[in-house]
Amino acid sequence: MTLLVDRHVQFIKKLEQKRDSSLAYHMTAHLRMNGVYWGLCALEIMHAGDALDRDALIEFVLSCYDETTGGFGSYPSHDAHMLSTLSAIQILALKDALPVLGERRARIVQFVLQLQRPNGSFQGDRWGETDTRFLYCAVSALAHLGALDQLDHEKTISWILRCANMDGGFGLTEGAESHAAQVFTCVAALSILQALHRLDQDTLAWWLAERQVPGGGLNGRPQKLEDVCYSWWVLASLSLLQRLHWIDADKLRAFILSAQDPDGGGIADRPDNVADVFHTLFGVAGLALLGHPGLARVDPTYCMPSTVTARLGITRPFHDLHR
């Protein structure tokens, strides 16, 4: 089965054209910055980054800057949050536009750092919720901005390790159930902090490999349905652990491709469901790690083209399949 690149490019381009007519567009404003990153990154992996206007992307990102806190919201006038702040930084990095931040760069760094709690965890915003996602976003953002030296590494690493479970996986906080997406956030953060050697890598990789179901797809937890997005969370983690070969790549590739919409473009969570930009990115990125022809090489620590992370000097070791 073929990756329908042209249809996926058109699918992403059309999302922006629904601003005036789509209720869903307005109902998902709280995810807008993330959505722009998902779409743009997918396009860059498919060598179609020019399909979106660079100046308009930069203008949108800067319009979401929160002068009060120093972070980025998901949409103009929305409160700053760690998730949208990382996506904003990644969009600028993808378009080689981080210099436009100017004096904002130092304020963004302080926005990130001040959200770390004394125990090493990170809040997503000023309201206090903690989650390993927020820690990963903080560490990744600081890496992109060249400010990792301002982070207390040992305090951060220690909290990540306290979120590990006996099965080798990680949850969203201490004592929470292991979940493949949270595993990625912890493994990728440890990769950035050069602390993967502190993991029981075989136990964790075995838990990850067991996420593959008979149909070839990957699930996030035992006894759950397969989902295309876990093609990224699981594969990226195995790539960083140098154990990508522990899953059946051919069966997973076939599952991802079967979830494409052959008419309207885009990739869904599983075959015959409605396609969306989130699963389109993580399906395409998963295929890139599997060495699918015609796609850019992807850095699994950041879910960014490896050319971008190399330009920023933040690449960490990983394993992907031969092309």
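The values are calculated or read from the model by the stated rules, or taken from the named source; none is laboratory data. This one's a predicted model, so the numbers in the text were calculated from it and none came from an experiment. Positions of Cβ are generated from backbone atoms using ideal geometry, with glycine treated the same way; all protein chains shown enter the neighbour counts. The protein model used for the area step is the full one, side chains on, heavy atoms only, and it has no ligands, DNA or RNA in it. Shrake-Rupley method; radii C 1.70, N 1.55, O 1.52, S 1.80 Å.
Annotations
- Within the stretch 82-213: Cβ-based charge dipole about Cα centre, in debye rounded to nearest 20 (Lys, Arg +1; Asp, Glu -1): 460
- Relative contact order of the stretch 5-312, taken over Cα pairs closer than 8 Å and 6 or more residues apart, is 17 percent.
- Stretchable slack from Asp149 to Arg311, in nm (0.36 nm times residue separation minus alpha-carbon distance): 56.4 nm
- The chain, accessible surface, carbon-and-sulfur percent (1.4 angstrom probe): 51
- Remark: spin-label model distance Asp55-Asp6 equals 3.0 nm, labels positioned 7 Å along the Cα→Cβ axis.
- Each peptide in 199-208, 79-88, 118-127 gets a packing score, the mean of other Cβ atoms within 10 Å over its residues, and the list from highest to lowest is 79-88, 199-208, 118-127.
- For the stretch 5-312, the solvent-accessible area with a 1.4 angstrom probe is 41 square angstrom per residue.
- Net charge dipole size for the chain [Lys, Arg +1 and Asp, Glu -1 on Cβ; Debye, nearest 20]: 320
- Sum of -39500 (n - 2.57) over DSSP H runs of 4+, divided by residues of the chain (222 nm, nearest 500): -14000 deg cm²/dmol
- By average C-beta atoms within 10 angstrom, highest first, the peptides 238-245, 175-182, 226-233: 226-233, 238-245, 175-182
- Centre separation in Å (Cα based) which lies between the stretch 26-90 and the stretch 95-147: 15
- Reported to the nearest whole Å, the Cα centre-to-centre distance from the stretch 167-185 to the stretch 258-297 is 25.
- Protection proxy ranking of 95-105, 61-71, by the mean of other Cβ atoms within 10 Å over each peptide's residues and highest first, is 61-71, 95-105.
- GNM result for the chain, Cα springs below 10 Å: residue of Met166, Met46, Met304 fluctuating most strongly: Met166
- At q = 0.08 Å⁻¹, base-10 log of I(q)/I(0) for the chain (Debye sum, equal scatterers on each alpha carbon): -0.33
- Of the residues Ser231, Leu94, Gln194, the one whose Cα sits farthest toward the positive end of the charge dipole of the stretch 5-312, with +1 on the Cβ of Lys and Arg and -1 on the Cβ of Asp and Glu, is Gln194.
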